[in-house]
1. Given H placed on each backbone N at 1.01 Å, which residues far from GLU248 in sequence or on other chains put an amide H within less than 5 Å of it?
2. Among TYR245, TYR209, what's the order by accessible area (1.4 angstrom probe), most exposed first?
3. In nm, to one decimal, how far is the GLN130 label point from the TYR105 one, both placed 7 Å along Cα→Cβ?
4. Could you tell me what a quarter of the Cα convex hull surface of segment 102-225 works out to, in nm² with one decimal place?
5. At 7 Å along the Cα-to-beta-carbon direction for both GLN40 and ASP239, put a label point, then send me their distance in nm to one decimal.
6. In whole Hz and in residue order, list the ³J(HN,Hα) couplings for segment 38-47 that follow from phi through the Karplus curve 6.51 cos²θ - 1.76 cosθ + 1.60, θ = phi - 60°; x for Gly and Pro.
7. Please turn the phi angles of segment 306-318 into ³J(HN,Hα) values with the Karplus equation 6.51 cos²θ - 1.76 cosθ + 1.60 (θ = phi - 60°), one per residue in order, whole Hz, x for glycine and proline.
8. Can you give the accessible area of MET126, probe radius 1.4 Å, in Å² rounded to 10?
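The values are calculated or read from the model by the stated rules, or taken from the named source; none is laboratory data. Because the structure is a prediction, the values reported are computed rather than measured. All Cβ positions, glycine included, derive from the backbone under ideal geometry; neighbour counts span all protein chains shown. Heavy atoms of the whole protein, side chains included, go into the accessibility calculation; ligands, DNA and RNA do not. Shrake-Rupley method; radii C 1.70, N 1.55, O 1.52, S 1.80 Å.
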Amino acid sequence: MTNASIQRTRDKNEEALEKLDTTTMSGGVLPRDLFQEFYQKVVDSAAMLEGARTEDLPRPQMDLPRISVGSRMRRGANEGDGDAGSATVNTDAVSMDTNKGTLAYDLTREAVDDTVDNVDEIVLDMLARQFAVDTQDLGINGDESSGDAFLQQHDGWLKILSNAADTNTYDHTDTNGNAQPINTDLFNQMIQAMPNKYLRSDRFEPVFYANENQVQAYRMQLTEREDPLGSAVIFGDDDITPFSYRVEGIAAWPEDTVVFTHPENFIYGLYDEVEIRVLTETDKVAENDLFARYFMRVRDDFAIEDEEGAVLGTGIQT
């Protein structure tokens, strides 16, 4: 590669990077079109965020309305009677209180020189993928009481479910307190632990969430069956759907826990003033001979829509 072609590449990449150079904007806030593109990449990179209920929060602290109705609201009425029912609509709210999270990425001069084109898209992709992986991990395992600086940013969905009095639970340990391997009985017991009102609706289709290693262990159990199902699992012809419910394997999920709930029961609130600053005149940029340092800032939070609409399964052998 000649010096002239290297310079042309650098010039094209510098022009492309101006799309992400938000330092001239108030607060460095991403333009709406770039934010939509960025967040779509985030969703595509994280299975949990793809199915979760994502809330675009207009304020950093706010309550999301939660409305539920009681069962058996229908009442009989005589001719000429109006509404004689006494059922009420219960209003409640899910509190969202966002905290700040940051992510930084160093772009070397060599990366700019060696990239043929569209370095701006490459940087955006890398930021989106890393943000997706980290945010999904935090959403699952976050614990504000943890000694781990990463986990203590937020209480994640599992911590919220374990702390809630309304969460349905199932302990998979045996009578001696020994954890048991994942199996069909686990799925059956968790389905039975779910209140019927969450199973009877076509709108509410619960999903099992488990660690990907545990899902693979269950696949292996099924392959040992001497029937067409075992062969179908080996060759990937059938999905893992115990009792017609889908199983979602998540890499960051703890191996000793399974949750049975609707994907949209997981809420991710994002205060959408996402900032990406391009820093080119800092000491670190100069000392490390960087082209630029990208600094991303978000404010977000996690919540559960309805704790009663979830079953938390524990005591699973790892």
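1. Amide H neighbours of GLU248: PHE208, TYR209, ALA210.
2. Numbers: TYR245 45, TYR209 15 Å².
So, going from the largest accessible area down, we get TYR245, TYR209.
3. 0.7 nm
4. On the way: hull surface 55.5 nm².
About 13.9 nm², averaged over all directions.
5. 2.3 nm
6. 4, 6, 4, 5, 4, 4, 5, 9, 9, 4
7. For segment 306-318, the Karplus-derived couplings read 8, 5, 5, x, 9, 10, 9, x, 10, x, 9, 5, 9 Hz, x marking Gly and Pro.
8. 70 Å²
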